[in-house]
Amino acid sequence: MTVLTKPEVIDTIDELRSRLCLKRQNIASTGAEARVVLVPTMGALHDGHRALVRRAVALGEIVVVSIFVNPLQFGVNEDLDTYPRTLDADVTALAEEGATFVFAPTAREMYPDGASSTRVTAGAIGGLYEGAARPGHFDGMLTVVNKLFNIVEPDLAVFGQKDAQQVFLVERMIADLNLRVSLEVVPTVRETSGLALSSRNHNLDEPARAAARSLSAGLAAAASAALKGVPAAIVAAHAVIGAQTLVKLDYLVVVHPHTYLPVADDYRGPARMLVAAVVGSTRLIDNISLDIP
């Protein structure tokens, strides 16, 4: 019988830094490496998060999973107050995956004087796609991720490809600010139906869940049609997603992987298709890599 060791749950910055320092010293004293890997989350963990933690455990000796519902990422009329908070269940899941520490601070611990006036800005790309639908979201995301990097001082950080625009902006922040952390990106984890796992999927009733599958199906159709060029890929995705009356498309765009700007119709090379839609009353996002010959 396997006995699970629960990760230490820490809710203050000073305590986390102290415990990390001690853990590093203890491991280093044995002559082993003491790589620290951070997995930032907002909790309500599902199998997609667990895949991130498994990858983190494979990459390093000390795994820190942050669970913090960051108020800076939520705009007016967004679901900050109703966002699911399931710390006990999350800690149990993280014990099964082998996490070392859970950092679960309060908003007051992270922002003792209220919403911080000093913030990382996401620039022009931060105002497109998800940023257009959620003004200020990516500034808040980058600000808290930068704070977590400074608090944990990880060697690596693990993110999921499902949040493709977020990954692009974090990669750019690391490069622009010369941060001493490497990024590991884990492929999107999906249900057997193809639906990308999301903390918001629990809001889908059965008709909405069935309609939501059109997002991944549309992306798959686009990937097949990409052999004929960008316009063909977009038409193929629209044909599948547009057939669902419960799906209200927000955006569907093909972007260059190095700039995240929309590509021209005659573009050739690697690209990524991004999609966002409201399904029933739930906003969902997804993406797929395209190869346009």
Next item on the list: State the number of residues belonging to segment 99-116 that are within 10 Å of ASP11 (Cβ to Cβ) and open to solvent by 30 Å² or more (accessible area, probe 1.4 Å).
Entry: 2
Check: Just for strands (runs of 3 or more DSSP E) wholly inside segment 244-293: which have at least 2 residues that are open to solvent by 50 Å² or more (accessible area, probe 1.4 Å) and farther than 23 Å from ARG172 by Cα?
Finding: 247-255
Next item on the list: Determine the pairs where a residue that is closer than 13 Å to VAL181 by Cα and among the hydroxyl-bearing types (Ser, Thr, Tyr), located within segment 151-162, has a partner that is open to solvent by 30 Å² or more (accessible area, probe 1.4 Å) and in a strand (DSSP E or B) with Cβ atoms under 8 Å apart, the partner being 6 or more residues away or on another chain.
Entry: none
Next item on the list: Give segment 117-167 a look and list any residue that's under 20 Å from ILE288 (Cα atoms), surrounded by 22 or more Cβ atoms within 10 Å (Cβ to Cβ) and in contact with a Ser or Thr (Cβ under 9 Å, 6 or more places away or on another chain), or say none.
Entry: GLY160, ALA164
Checklist line | Residue in segment 169-191 that is closer than 16 Å to ASN287 by Cα and basic (Lys, Arg) present | finding: yes
Notebook entry, point to check: Would you say THR82 is out of contact with any helix residue (DSSP H, G or I) (no Cβ under 8 Å at 6 or more places or on another chain), at pLDDT below 95 and open to solvent by 60 Å² or more (accessible area, probe 1.4 Å)?
Noted result: yes
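The values are calculated or read from the model by the stated rules, or taken from the named source; none is laboratory data. Computed from a predicted structure; not experimentally measured. Note that we place each Cβ from the backbone using ideal geometry, even for glycine, and neighbour counts take in every protein chain shown. Note: areas computed on protein heavy atoms with side chains; ligands, DNA, RNA excluded. Shrake-Rupley method; radii C 1.70, N 1.55, O 1.52, S 1.80 Å.
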